[in-house]
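Below is one structure, written out as structure tokens; the observations come after it.
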Amino acid sequence: MADNPPEFSAVESSVLARFFTNMDRPVFALRNLPEVVKGALFSRYSRTERSLRRVLLDEFINAPDSGFDRLAGEEGGADDMVAVRRAEEFYERVLVGYGDDSVAELAGAHVAVERVSTLAAKALEDSRIGISPLEKSTRYVRFDRPGLDGRYLYHRGPELAHPAYEPACEALFQAYSRMIEPLTQSIRERFPIEEGESDRAWKSATRAKALDMLRGLLPAGTLTNLGLFGNGRAFEYLITKLAASDLPECRRIALDLHRELSAVIPSFVKRAVDERYGAPAADRIASNRSETARMAERSGRTGTGPSVTLLEHDPDAERKVVAAALFPHSDAGWKELDGDPAALLETILGNRTNRRQRPPRALEHAQYNFEIVANFAAYRDLHRHRMLTQDRQLLGTALGYDVPTGLAELGMEKDFRSAIDSAAAAHVQLARDAGPALAQYVVPLAFRLRWYFRVNLREIYHLCELRTTPQGHPDYRWVAQEMFKLVAEVHPRLARYAKFVDLGPGDELERRKSEQRIDQKLNALDRL
């Protein structure tokens with residue numbers, strides 16, 4: 001039998017090779033193509049019987065047949081070869097003409113967002129699906145380094161031109177900066193270098209401990225940097241939500257994001273702030289928030305300390321998990337499915353050897369609703385979990401604040417409390433004169449916040465196994481441990497297999513073992 005003729009000529013293959021990782025296998029990746037072209041290519045692909053490579057060649061390569069030889073011999077020119085405008089026009093027809101929003105998930109962009117407040121960063125990171133954020137760490141980076149103007153890095157928008165704001169932020173940063181070196185030295189005296197431990201690992205672990213202990217001094221207005229990767233649909237909705245924010249800073253970021261993304265994925269974000277779709281949607285979000293706030297009770301309650309409360313759980317969760325696990329392997333209806341819970345749970349969960357072996361989706365049928373009170377710094381870490389439903393109240397000072405364990409014995413608690421209390425006094429003035437939303441900027445991360453998590457058991461496994469590791473910050477470790485204990489009380493058999501949850505006291509020098517493992521990996525690489 002004769003071999004099938006090749007799909008492409010030698011010249012065509014030479015041109016296409018720069019855009020695909022291979023030319024002869026059924027699984028391949030795209031490269032050297034603008035995002036808008038990649039997205040349009042995939043979208044067009046769903047509407048034709050032709051191969052992806054053929055669609056690119058026929059519909060998105062600018063060069064005529066006579067020009068293939070010339071282009072095939074060039075090293076550059078990829079941007080000129082592909083029809084970017086044709087791809088944008090295709091999106092115009094699909095997104096606007098057909099209303100098929102899903103095609104906007106086929107292309108994305110990387111965006112850096114620098115010198116934004118920690119408060120605004122939470123709004124940027126609040127998307128659950130479609131955007132992956134990464135933020136500057138308070139554990140590994142000092143936040144007292146001045147900016148180019150020689151001033152501490154915190155948000156100074158015109159909306160915060162209140163006489164109490166900058167002095168309070170200055171005092172917080174001065175205390176943070178003043179305490180870093182003596183605290184680091186005290187920690188190093190308490191945890192001297194161990195035999196076989198590298199100087200690099202020891203210094204990294206002890207510095208991280210000091211920065212962890214002092215992060216509560218940083219106000220919510222502290223400037224940070226984020227990297228975001230997301231698809232067009234997610235960015236469009238994020239811009240609309242930011243445009244509806246009660247914080248002027250977030251509204252400015254919405255315009256900045258729209259401008260910059262319009263330069264790389266214009267078709268995807270065109271509607272984010274337009275008069276037909278985006279602006280009315282933002283107005284509706286803002287109006288609903290304002291009207292709902294008028295209905296909400298505000299009693300001025302004060303806090304009694306950190307807490308984790310299980311508000312709701314499903315008493316029938318175990319039966320539902322069993323049915324969900326059996327369902328894809330059965331020909332019976334859901335209500336007919338029944339099995340031995342002990343045997344089934346052992347089958348689907350008993351052989352996990354590490355926390356990266358995710359439990360099956362059947363566990364998503366067990367649902368829990370938690371109310372949590374913990375400091376804002378811990379919330380920042382736990383907020384990153386997106387496979388759940390969560391929302392928070394405004395950051396304020398009524399629920400009190402946490403002082404890091406061990407600060408008193410190191411003789412630094414008084415300085416810490418003094419700066420925190422001064423910021424609390426400024427918050428009262430700002431809340432009175434500028435409103436509670438803007439007053440959040442001056443609140444230090446040590447102050448407690450109330451929020452809720454509605455979460456399924458599968459995510460409980462992931463969150464609690466990850467966040468209770470001994471090297472984790474003690475504040476969020478405690479929250480994750482309490483969540484897991486409450487689940488284990490109501491569903492002991494379902495919780496039993498989350499065997500990588502660590503309910504122990506944790507490491508006093510949290511990063512020491514992790515840094516030592518890094519050294520081992522570096523040494524192994526050096527030996528290669």
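The values are calculated or read from the model by the stated rules, or taken from the named source; none is laboratory data. Here the structure is a predicted model, which means the values were calculated and not measured. Because the Cβ atoms are built from the backbone with ideal geometry, glycine has one as well, and the counts that use them run over all protein chains shown. SASA here: full protein model, heavy atoms, side chains in, ligands and nucleic acids out. Shrake-Rupley method; radii C 1.70, N 1.55, O 1.52, S 1.80 Å.
Assorted remarks:
- Complete set of residues in segment 478-528 that are outside any helix (DSSP H, G or I) and over 24 Å from the mean Cα position of the chain (by Cα): His491, Arg496, Tyr497, Lys499, Leu503, Gly504, Pro505, Gly506, Asp507, Glu508, Leu509, Leu528
Residues checked against (1) touching a helix residue (DSSP H, G or I) at 6+ places or on another chain (Cβ under 7 Å); (2) surrounded by fewer than 20 Cβ atoms within 10 Å (Cβ to Cβ):
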site	(1), (2)
Ala398	no, yes
Val403	yes, yes
Met412	yes, no
Ala426	yes, no
Asp433	no, yes
Pro436	no, yes
Pro444	yes, no
Glu465	no, no
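- Only listed residue being among the β-branched types (Val, Ile, Thr), without any contact (Cβ under 8 Å) to a residue 60 or more places away in the chain, surrounded by 16 or more Cβ atoms within 10 Å (Cβ to Cβ) and not in a loop (DSSP other than H, G, I, E, B), chosen from Thr292, Thr206, Thr240: Thr240
- For segment 474-511, the set of residues classified as modelled with pLDDT under 90 and either open to solvent by less than 70 Å² (accessible area, probe 1.4 Å) or of a type in the set (A, V, I, L, M) (or both) consists of Gly506, Asp507, Leu509, Glu510, Arg511, listed by residue number.
- Members of segment 439-469 that are part of a loop (DSSP other than H, G, I, E, B) and closer than 23 Å to Gly305 by Cα: Val443, Leu445, Ala446, Thr468
- Within segment 161-168, at least one residue is hydroxyl-bearing (Ser, Thr, Tyr), surrounded by 21 or more Cβ atoms within 10 Å (Cβ to Cβ), more than 20 Å from Phe416 (Cβ to Cβ) and out of contact with any Gly (no Cβ under 6 Å at 6 or more places or on another chain).
- When Ala120 is tested against the conditions (1) at pLDDT below 95; (2) over 30 Å from Leu41 (Cβ atoms), the lone failure is (1).
- Whether a residue is within 28 Å of Leu522 (Cβ to Cβ) and open to solvent by 30 Å² or more (accessible area, probe 1.4 Å) was assessed, and Gly150 does not pass this test.
- Candidate set from segment 512-528 (those that are charged (D, E, K, R) and open to solvent by 40 Å² or more (accessible area, probe 1.4 Å)); member that is farthest from Leu211 (Cα to Cα): Arg527
- Arg200 passes every criterion in (1) loosely packed, with under 14 Cβ neighbours inside 10 Å; (2) under 29 Å from Asp391 (Cα atoms); (3) in contact (Cβ under 8 Å) with a residue 12 or more places away in the chain apart from (2).
- Residue list for segment 295-321, restricted to those being touching a residue at least 40 places away in the same chain (Cβ under 8 Å), among the charged types (D, E, K, R) and open to solvent by less than 80 Å² (accessible area, probe 1.4 Å): Asp314, Glu318, Lys320
- Qualifying residue in segment 29-42 (condition: assigned to a loop (DSSP other than H, G, I, E, B), of a type outside the set (Lys, Arg), open to solvent by 60 Å² or more (accessible area, probe 1.4 Å) and closer than 20 Å to Pro266 by Cα): yes
- Residues that are within 21 Å of the chain's Cα centre (by Cα) and not in a helix (DSSP H, G or I), drawn from segment 247-271: Leu247
- Candidates are the residues of segment 346-369 that are part of a loop (DSSP other than H, G, I, E, B) and in contact with a Leu (Cβ under 9 Å, 6 or more places away or on another chain); the one that is most open to solvent (accessible area, probe 1.4 Å) is Arg355.
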